[in-house]
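Peer 1: Questions regarding the structure given below will be posed in turn.
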Amino acid sequence: MAESTQYLTNKQGERIGVFLDLETYHKLINQSVVDSELLSNLSLDELQALADIKLSINTQTELNDLLKQSTENQLSTDESATLNDLLTKVDQLNILKTRARYTLNQLQGSSRVA
């Protein structure tokens, strides 16, 4: 049984390209057209970086402080708006991270097809 994915490597043995059999290629193309959750046009390294991304230390500290003040009912109107903005951004970041993980899982699943 032939492998569905073969890698092109440079002289150092690093993967620099990929060859797919036609069936796997068509599955990837058809899946990306049908599945709007897939993040296309990103490399595997970019997808992995996005899947692993975290808030900066300063932003996480600010968020923690605002959440603590919120539980103690000590937020000003501006602080409340800042907290809501940060929480919205965290939600959006989590959606992107999930989509990156989903895309990676789909790509890895397709490369296992024989």
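Read the figures in this text as sums done on the coordinates, not as results from a lab. Predicted model, so just to flag it, every value in this text is computed and none were measured. Heads up, the Cβs are rebuilt from the backbone with ideal geometry, glycines too, and the neighbour counts pull from every protein chain shown.
Peer 1: Looking only at residues in region 37-55 that are touching a Leu at 6+ places or on another chain (Cβ under 8 Å) and assigned to a loop (DSSP other than H, G, I, E, B), which one is farthest from residue 25 (Cα to Cα)?
Peer 2: Result: 55.
Peer 1: While we're here: Are there any pairs with C-beta distances below 9 angstrom linking a residue in region 51-73 that is without any contact (Cβ under 8 Å) to a residue 60 or more places away in the chain to a residue that is assigned to a helix (DSSP H, G or I) and of a type in the set (Gly, Ala, Ser), with the two at least 6 apart or on different chains, and if so which?
Peer 2: Here the result reads 51/100; 52/100; 53/100; 66/80; 70/80, each pair linking region 51-73 to a residue that is assigned to a helix (DSSP H, G or I) and of a type in the set (Gly, Ala, Ser).
Peer 1: Give the residues of region 56-106 that are surrounded by 15 or more Cβ atoms within 10 Å (Cβ to Cβ) and not in a helix (DSSP H, G or I), sorted by residue number.
Peer 2: 75, the sole residue that qualifies.
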